Structure formats: structure tokens, C-alpha cells
Amino acid sequence: MSTLYIRLPSKAAADSAPHWLALACPFALVSHGSAIERQGTAPLSELSDTVAKAQRVVLLLAASDVTMLRLQVPPLSSARLKAALPNLVEDQLITDPADCVVVAGGLSDGLRTVAVVQRAWLDILAKTLIVFGARHIAALPAQLCLPYQSDQPGSVTAAINDRNDGDQNADIDMTLRLSEHDGIGLAISVEQNETATHEVIKTLCAVVPEAPITLYVPQSLVRAYQEAVNDPVALNQGAPNKAALNKRINVFADNWSRWIAGASVTTLDLMAGLGAGTGPKLDWRPWRWPLALAAAVLVINTTALNIDWWRMKGETNSLRAAMIQIYKSAYPKESVIIDPIAQMQQKIAAAKRNSGLASADDFTAITAAFGEAWSSAVVTAGKTTAIAALEYRERSLFVRLKPGGEAPTQQMKAALVKHDLALELAPEQSGAVVWQIRSAK
């Protein structure tokens with residue numbers, strides 16, 4: 001899974017810039033094998049294509065925008081803890097907790113690490129990246145992504161993000177990791193001159209007056225910061241403190257490997273506080289053409305089925321109208337016509353009865369045909385069972401055979417076909433063989 005890491009500027013820098021999307025952001029695109037494919041610095045607006053192609057986007061929020069707290073929290077379920085967090089941190093915030101996203105981390109030494117960030121700023125970032133095409137967004141506190149030196153308790157890790165936008169002042173985001181679960185950030189602005197690095201080191205020494213510091217700076221500024229550390233007079237440290245200052249502050253070139261390693265073990269995802277809108281989403285782009293083709297096939301087939309249905313409905317209406325017209329011409333006095341075919345059959349049967357002709361399912365006709373078929377079947381089958389009873393009902397002749405003999409069922413079926421009659425076995429609870437003979441028309 002390809003992941004795009006972006007170190008964002010502070011909200012203070014974004015608020016002071018005419019167009020915050022034009023602020024330079026260090027970024028790194030990591031491939032499936034955790035190898036850095038591409039890295040550099042570019043405005044967020046120019047990273048829209050990269051954001052859309054990456055399967056996951058990880059934002060490293062400026063440390064000055066995220067407040068880290070250590071709280072003793074009662075044992076609660078995840079849902080209840082999420083609901084209780086705003087009330088638990090209210091006393092330690094100067095803003096309304098409702099305007100903040102509050103996310104709790106894991107439990108360590110009886111305390112939970114809680115991260116707080118302004119909801120409006122996080123919401124702007126999430127919506128911007130979603131517009132760019134991001135599918136899965138995570139937001140991590142930058143101070144917890146700095147490496148923590150567990151072998152040197154009390155030491156501090158710091159990083160400098162120098163954003164030189166061409167103005168007279170340089171905006172610098174300073175990130176400090178004070179312990180395993182704590183860190184702070186400072187957004188400072190200094191004049192772009194030879195003493196700018198000295199001002200940054202002064203600020204760093206004021207924040208961390210005694211503890212040893214590992215300072216990571218951009219590759220192009222390593223020498224300048226090393227010279228600043230080696231110039232205690234300019235830092236108002238005095239000559240006797242030169243060796244102590246050199247020993248306390250170690251300057252190294254910053255690189256993305258450290259940030260990526262720190263981000264991989266950080267569990268405080270602040271985007272989780274915004275809800276499911278920034279969670280993983282299905283990538284529909286590879287399915288665009290198959291779905292479009294399936295939709296086109298569905299529309300074509302649906303249209304063809306509707307056209308065929310309308311054509312058959314028209315034929316049905318025309319055929320019914322023709323049958324009704326034929327029926328009216330034969331029986332002009334009939335006013336109610338529901339089923340012209342059935343009504344015509346009834347009229348024909350009634351006319352045959354009135355003229356003395358027997359219909360195919362009359363008792364006389366069906367009994368006479370049965371007698372002829374029985375005689376033929378007996379001759380063909382040889383020794384057969386005898387007839388126990390005959391019953392006529394529901395326009396069918398029911399023949400009950402005596403038990404003990406062989407019923408010539410197949411021979412009777414073949415003989416009755418010649419008289420347009422059909423034979424079926426009727427259910428009988430006594431176990432005797434009963435034939436049901438009726439017209440096959």
C-alpha cells in the first residue's frame with residue numbers, strides 16, 4: 001500500500017498566509033515495500049495528483065497545533081471514554097472542548113496520553129484532502145513521530161522545519177519530544193539574516209535549559225546550526241559554557257526515515273475524532289469502465305425488454321379486440337364480455353345440447369367411449385380385473401376397479417386417446433385403483 005507522508009505548517013502560519021495551500025510542505029511517498037519513492041518540498045495544492053494516487057495519506061500535524069496531556073482516566077468502555085473526554089480535559093484547556101477534537105491513546109503507568117487539536121483546522125484539512133481524492137486519511141501529532149531515545153532518559157529530541165517563503169521573516173516550526181508520551185511545538189518567526197539560527201538556538205535553550213538535545217535540521221542548514229552552537233558568545237552563553245553547550249546540543253541532518261519510523265508506531269490518530277468520513281474508502285477508479293459498460297448493457301437490455309413488452313401488449317390488445325368483435329358479430333345481444341373465448345365455448349356447447357348433440361364430456365358420450373376403449377383394452381391385455389363401480393361427477397367419469405386383478409391402465413390410456421379422452425389415477429384411501437376419465441380437449 002502506497003503511503004504519502006506530509007509535514008504540515010502550523011495553523012498560525014496558515015492564518016497569516018494569503019493562501020495557505022501555497023505554503024511549502026515537506027512530503028515523502030512510500031511504496032509497498034516501505035521504500036521512499038519520492039520526497040521533497042512542495043505546496044499542498046501541487047500535491048493533489050500524488051494525494052489522489054496514494055492509497056493512504058498521513059498528515060504530521062505541527063506540534064504547536066496539538067496539545068498533549070497525561071490524564072488519569074477511570075476504566076471506561078471506548079464509547080463512554082470518547083463521550084467523557086471533553087469533560088475530563090475541560091479544566092486544562094483555554095478553549096471550549098466542543099471546538100476541539102480530543103483523542104485518547106493507550107494506557108501507560110496508570111495514565112492515558114490525550115491529544116487535543118482545533119476541530120475547525122482538522123476539518124479544513126480533511127475536506128481539502130478529500131477534494132484532492134484521498135481515500136484514507138490519518139493525522140498524527142508530529143512531536144510523537146520524532147524518535148524517542150529510551151537509552152538516554154531525560155534527553156530531548158527536537159526538529160526544525162524552516163519555511164523560507166522569500167519574505168524578510170522566516171517562519172520556523174520547532175518540534176520537541178520531551179518524553180515517550182509528551183511533546184510540544186513552537187511556531188516562531190525570525191528575521192532572515194546571519195543570526196537567524198542563533199535566535200532559534202536561543203529559543204531552544206530557553207525551552208530546554210539543561211537536558212541534552214538532539215537537534216534535526218534540514219540538510220542545507222546543518223553547518224549553520226553547528227556554527228551557531230559553537231558560538232556561545234553570540235548566544236549570550238559566555239566562553240566558559242562553550243564546551244558544555246557543544247556537548248549538550250548535537251546537530252544532525254533531518255531525513256524522512258526517522259519520521260516514517262515514528263509514525264508507524266504512533267497510535268494517536270486525530271482523524272478518528274472527526275468520525276468515519278476520513279476512513280478507508282473503496283477505490284472506484286479501476287472499476288469505472290467495467291461499471292460504465294455494465295450500466296450501458298443494463299440500459300440497453302432494459303430498453304429492449306420494454307420495447308418488446310409494449311409490442312406484445314399491443315398485439316394482445318389487437319387480438320383481444322378482434323376476438324371481442326367476432327363474438328359481438330355472432331352474439332350481438334351480449335353486453336357483458338369478460339372472456340370471449342370461454343363465453344364462445346359455452347355458447348357452442350349450449351347450442352349443441354339444444355340441437356340434440358352430445359358434448360365430449362357428457363355422461364352418455366364419455367361412457368360410450370369408455371365402453372369401446374374397455375373392450376379394446378381387455379382384448380389387448382388378456383386377463384384383467386373387473387369393474388366395481390362407475391360414478392359421473394365434475395364432467396368426469398370415475399371407474400373403481402375390483403381389487404385382486406391387474407388393471408390395464410396403459411392399454412386404456414392408449415385406447416382412450418382415439419376418443420379424445422384422458423385417463424388419470426384418482427386418489428383413493430381404500431387402496432383400490434380408481435380411474436378418472438375426462439375430455440382431453
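The values are calculated or read from the model by the stated rules, or taken from the named source; none is laboratory data. The shown structure was predicted, so the numbers you read here are calculated from the model rather than taken from an experiment. Heads up, the Cβs are rebuilt from the backbone with ideal geometry, glycines too, and the neighbour counts pull from every protein chain shown.
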>> Let me confirm something: among Ala35, Ala24, which residue is more than 26 Å from the chain's Cα centre (by Cα), over 22 Å from Ser220 (Cα atoms) and either modelled with pLDDT under 90 or of a type in the set (A, V, I, L, M) (or both)?
In response: Ala35
>> Can you confirm whether Gln143 is assigned to a helix (DSSP H, G or I) and either surrounded by fewer than 23 Cβ atoms within 10 Å (Cβ to Cβ) or not hydrophobic (A, V, I, L, M, F, W, C) (or both)?
In response: yes
> Within the stretch 416-423, is there a residue that is more than 30 Å from Asn317 (Cα to Cα), of a type in the set (Lys, Arg) and modelled with pLDDT of 85 or more?
Replying inline: yes
>> Looking at the stretch 100-128 only, could you name the residues that are exposed (fewer than 14 other Cβ atoms within 10 Å of the Cβ), modelled with pLDDT under 90, at negative phi and not hydrophobic (A, V, I, L, M, F, W, C)?
In response: Gly106, Ser108
> Of (1) among the basic types (Lys, Arg); (2) within 22 Å of Ala272 (Cβ to Cβ); (3) loosely packed, with under 13 Cβ neighbours inside 10 Å, Arg38 satisfies all except one. Which?
Replying inline: (2)
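Could you tell me how many of the residues in the stretch 253-268 are of a type in the set (S, T, N, Q) and assigned to a helix (DSSP H, G or I)? Break it down stepwise before answering.
Kept after step one, since they are of a type in the set (S, T, N, Q), are these residues of the stretch 253-268: 255, 257, 264, 266-267.
Now restrict to residues that are assigned to a helix (DSSP H, G or I): 257, 264.
Looking only at that region, the number is 2.
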> Any chance the stretch 44-66 includes a residue that's surrounded by fewer than 15 Cβ atoms within 10 Å (Cβ to Cβ), free of Cβ contacts under 8 Å to residues at least 24 places away in the same chain and small (Gly, Ala, Ser)?
Replying inline: no
>> Of the residues Ala330, Ala294, only one is farther than 29 Å from Arg395 by Cα and at pLDDT 85 or above; which?
In response: Ala294
> Inside the stretch 51-64, can you point out the residues that are out of contact with any helix residue (DSSP H, G or I) (no Cβ under 9 Å at 6 or more places or on another chain) and not in a loop (DSSP other than H, G, I, E, B)?
Replying inline: Lys53, Arg56
>> Contact list please: Cβ distance under 8 Å, first residue in the stretch 4-18 and at negative phi, second residue surrounded by 15 or more Cβ atoms within 10 Å (Cβ to Cβ) and among the polar types (S, T, N, Q), pairs at least six apart or on different chains.
In response: Leu4/Thr50; Arg7/Asn161; Pro9/Asn161; Ser10/Ser64; Lys11/Ser64; Lys11/Gln118; Ala12/Ser64
> Among Ala224, Ala211, Ala187, Ala206, which is the only one that is touching a Pro at 6+ places or on another chain (Cβ under 9 Å) and either part of a strand (DSSP E or B) or surrounded by fewer than 20 Cβ atoms within 10 Å (Cβ to Cβ) (or both)?
Replying inline: Ala187
